[in-house]
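S.K.: Before anything else, here's the structure in question.
The values are calculated or read from the model by the stated rules, or taken from the named source; none is laboratory data. Since we're looking at a predicted model, the values are computed, not measured. No Cβ is skipped: glycine too gets one built from the backbone with ideal geometry, and neighbour counts run over all protein chains shown.
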Amino acid sequence: MPSRRRSRAAARATRSCRGAHAPRSTPAAPRALAHDHDAASASLHRALELRRSILLPTSPRLADALVALASTELDRDDRAAARMLADEAAAIHAAQPELGDQYRHPLRTLQDRLARE
């Protein structure tokens, strides 16, 4: 039993040391990253390429990647690219009528944004 207490105490000490020396971000850092649409677009293009290489063309997970990229393209004011990606995602959704709202809601939100802007 004493060794168990020592190991718990050591674990607590390690956690508290890590917390004391953890890097702190400035309030501006998250905002700067959130608005770096070019970096986000590059990452999402790569994610889409990977999903296309391993998933079926009618996969809802592929549609998720298309919606995420389309949203970023719309943020970058590239409406044509956003529309094309949204249309491809909509075609995937149309081929899968049993999809739940967790897949359909992001596309509907994107389509509403495209209609407004």
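This table checks each residue for (1) hydroxyl-bearing (S, T, Y); (2) exposed (fewer than 13 other Cβ atoms within 10 Å of the Cβ).
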site	(1), (2)
I54	no, yes
D78	no, no
I92	no, no
P97	no, yes
G100	no, yes
Y103	yes, no
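S.K.: Which of the residues that make up segment 48-64 are of a type outside the set (D, E) and over 16 Å from D101 (Cα atoms)?
M.R.: If the condition is that a residue be of a type outside the set (D, E) and over 16 Å from D101 (Cα atoms), then L48, L50, R51, R52, S53, I54, L55, L56, P57, T58 are the ones that fit.
S.K.: Out of curiosity, is H21 modelled with pLDDT under 80 and within 23 Å of A115 (Cα to Cα)? Even if it seems obvious, please write down each step before you answer.
M.R.: Values: modelled with pLDDT under 80: yes; within 23 Å of A115 (Cα to Cα): no.
Spelling it out, it is not the case that H21 is modelled with pLDDT under 80 and within 23 Å of A115 (Cα to Cα).
S.K.: Which residue, of R83, R52, R108, is over 14 Å from the mean Cα position of the chain (by Cα) and in contact (Cβ under 8 Å) with a residue 24 or more places away in the chain? Please lay out each step first, then the result.
M.R.: Values: R52 fails: in contact (Cβ under 8 Å) with a residue 24 or more places away in the chain; R108 fails: in contact (Cβ under 8 Å) with a residue 24 or more places away in the chain.
The match here is R83.
S.K.: Continuing with the same structure: Restricting to segment 105-117, and then to whatever is of a type outside the set (A, V, I, L, M) and part of a helix (DSSP H, G or I), can you tell me which residue is surrounded by the fewest Cβ atoms within 10 Å (Cβ to Cβ)?
M.R.: Filtering first and then ranking leaves R116.
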